[in-house]
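Read the structure below first, then the notes.
FYI, it's all coordinate maths here, none of it is from the lab. Keep in mind that what you see is a predicted model, and the values were worked out from it rather than measured. Every residue, glycine as well, gets a Cβ built from its backbone with ideal geometry; the counts of neighbours run over all protein chains shown.
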Amino acid sequence: MLLHQKMIVVSVAAAAGLMLAGAAYAQTSPQAPPPAAPAGLNLTQAQRDEIRTLREAQRQDAQPLREKMRTARQELQQAMRADVPDEAAIRSAAGAVAALQADQAVQRARARTQFMSVLTPEQQARMKQARARAAQRAQRSQRPMWRRQQLRQDALRRWRGWI
C-alpha cells in the first residue's frame, strides 16, 4: 500500500511539472526582441531614434543570411541522415554552415560597432562595464561538468531512496 501511495505522489508531481513546463514554454516568444541598452546609459531621444534605425537596418541585412543558414543546416541534416552517408558531402555542408556562422559573427560585430559609435565616451564606458559584469555572472553560473554530473547522481540517489 505504501508503494502505491508513493507512485501516486510521484505521478502527480510529474504531471504538475509537465504542466508548469508547458505553461512556461507557451509564454516564450518564438523570436525574442533584440536586447535593449542598459537603463543606466541615459540615452537621448536622438540616440534612441538612431539606435532604432540601426536595429531595423541590421535586422533587414541579417534576414537573407538567416535564410541561407536555415537552408545550409537543412542540407547538413539531410547529408547526415542519408542511408549511405557521404563524408565529402557532410564536410562540404558543415563547411557551408561554418562559413555562414562566420558571416553572422562579422555582422554582429559590425552592428555592435555601429551601436557603440552612437554612444558618448561615458556611455561607452558604462556599456563596457555592464557587459563585463554580465560576463562575470555568466562565468560564475557555469559549473564544471563533473560537478553537474555529481549533483545529478546525488538527486537520483535521493529519489530512489524516497520511492
* **Options GLN123, GLN74; residue that is in contact (Cβ under 8 Å) with a residue 24 or more places away in the chain and of a type in the set (S, T, N, Q)** => GLN123
* Asked: Going through the stretch 109-130 one residue at a time, which ones are under 26 Å from LEU65 (Cα atoms) and either surrounded by 12 or more Cβ atoms within 10 Å (Cβ to Cβ) or touching a Lys or Arg at 6+ places or on another chain (Cβ under 7 Å) (or both)?
  -> ARG110, ALA111, ARG112, GLN114, PHE115, MET116, VAL118
* Asked: In the stretch 76-122, what count of residues is obtained for those that are assigned to a loop (DSSP other than H, G, I, E, B), closer than 30 Å to GLY40 by Cα and among the hydrophobic types (A, V, I, L, M, F, W, C)?
  -> 1
* Residue by residue through the stretch 138-147, note down the ones that are part of a helix (DSSP H, G or I) and surrounded by 10 or more Cβ atoms within 10 Å (Cβ to Cβ). => ARG147
* Can you find a residue in the stretch 69-87 that is surrounded by 11 or more Cβ atoms within 10 Å (Cβ to Cβ) and under 22 Å from ARG112 (Cα atoms)? -> yes
